[in-house]
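The values are calculated or read from the model by the stated rules, or taken from the named source; none is laboratory data. Please read these numbers as outputs of a predicted model, since none were measured by experiment. Counting neighbours? That spans all protein chains shown, and the Cβs are built from the backbone with ideal geometry, glycine included. Note: accessible area is taken over every heavy atom of the protein model, side chains too, but ligands, DNA and RNA are not part of it. Shrake-Rupley method; radii C 1.70, N 1.55, O 1.52, S 1.80 Å.
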Amino acid sequence: MRVVLLGPPGSGKGTQGELLARQYQVPHVSSGDLMRDHVGQRTELGQQVARYLDNGDLVPDDLVLAVMGRAVREAIDEGGYVLDGFPRTLAQAEQAYALAEPAGATADAVVYLSVPDDVARERLAGRASAGRSDDGDADVIERRLRVFHQQTEPLLEFYRERGILVTADATEPPDVVADDIRRALEDRNLLPRPR
Ligand code: ADP
């Protein structure tokens with residue numbers, strides 16, 4: 001099973017990523033988690049990316065690729081992936097494709113978790129207490145939403161053209177969204193059987 005999750009901040013990519021990865025027994029690869037790990041451990045890369053995360057800006061593609069290239073390759077070796085937060089720009093999508101194609105491991109499906117901005121805003125403001133430095137601050141939230149619309153939304157067309165895009169209504173509670181995703185993937189025949 002190889003899936004990419006796309007959606008604005010606050011759409012539940014992390015939650016759905018964990019559920020899908022558990023169900024299909026493939027690694028859940030979250031670019032945000034990997035970068036926060038680097039920041040927390042004060043690696044060289046962590047020091048380079050911290051300010052982007054704090055401001056709600058995208059980390060430059062070459063730095064993202066340095067982290068994600070390796071993580072995606074490792075996941076492919078383990079039999080698949082649920083990618084959460086990557087790719088997030090068209091350049092990243094093209095590089096991800098180039099990386100996975102030789103291994104016959106491009107995505108089977110891309111799931112778009114759709115939520116209106118006002119719902120995302122509310123969730124992110126409420127999530128601040130969970131301790132993420134980029135949640136809670138209204139200016140940073142606005143910037144992340146703007147970045148999503150400008151840089152990431154164009155990927156929907158990229159994947160729609162490839163015939164692998166499904167959309168789920170991510171305003172629903174997590175278990176309902178998970179069922180919705182499963183049904184959408186089944187209906188479109190994009191779902192390999194659970195291992
Ligand atoms: P969310 O989707 O809720 O904003 P993430 O954990 O996916 O949360 O991302 C948090 C931050 O990490 C982003 O605002 C960005 O700074 C950085 N980031 C994560 N993935 C990428 C990526 N693929 N490209 C560039 N920056 C990224």
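Okay, residues lined up against (1) open to solvent by less than 70 Å² (accessible area, probe 1.4 Å); (2) at pLDDT below 95:
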residue: LEU155; (1), (2): yes, no
residue: PHE158; (1), (2): yes, no
residue: VAL166; (1), (2): yes, no
residue: ALA170; (1), (2): yes, no
residue: ARG183; (1), (2): no, yes
residue: GLU186; (1), (2): no, yes
residue: LEU190; (1), (2): yes, yes
> Given (1) at positive phi; (2) open to solvent by 20 Å² or more (accessible area, probe 1.4 Å); (3) within 7 Å of the ligand (Cβ to nearest atom), where does GLY79 come up short, assuming only one miss?
Replying inline: (3)
>> Just checking, does region 35-42 include any residue being more than 30 Å from ALA184 (Cα to Cα) and outside any helix (DSSP H, G or I)?
In response: yes
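Of everything in region 41-68 that's small (Gly, Ala, Ser) and at pLDDT below 95, which residue is least open to solvent (accessible area, probe 1.4 Å)?
GLY56
Return yes or no: is LEU34 near the ligand (Cβ under 9 Å from one of its atoms) and surrounded by 14 or more Cβ atoms within 10 Å (Cβ to Cβ)?
So LEU34 fits the description; yes.
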> Hey, among the residues in region 101-123 that are part of a helix (DSSP H, G or I) and in contact with a helix residue (DSSP H, G or I) (Cβ under 7 Å, 6 or more places away or on another chain), which one's farthest from GLY163 (Cα to Cα)?
Replying inline: ARG121
>> Only one of ASP117, ASP135, ASP108 is farther than 17 Å from ASP84 by Cα and open to solvent by 20 Å² or more (accessible area, probe 1.4 Å). Can you tell me which?
In response: ASP117
> In region 61-97, how many residues are free of Cβ contacts under 8 Å to residues at least 12 places away in the same chain and within 21 Å of VAL26 (Cα to Cα)?
Replying inline: 3
>> Looking at region 1-27, I want the residues that are farther than 17 Å from TYR159 by Cβ and have a partner that is of a type in the set (Val, Ile, Thr) and away from the ligand (no atom under 12 Å from the Cβ) with Cβ atoms under 6 Å, at least 6 apart or on another chain. Which pairs are those?
In response: ALA21/VAL82
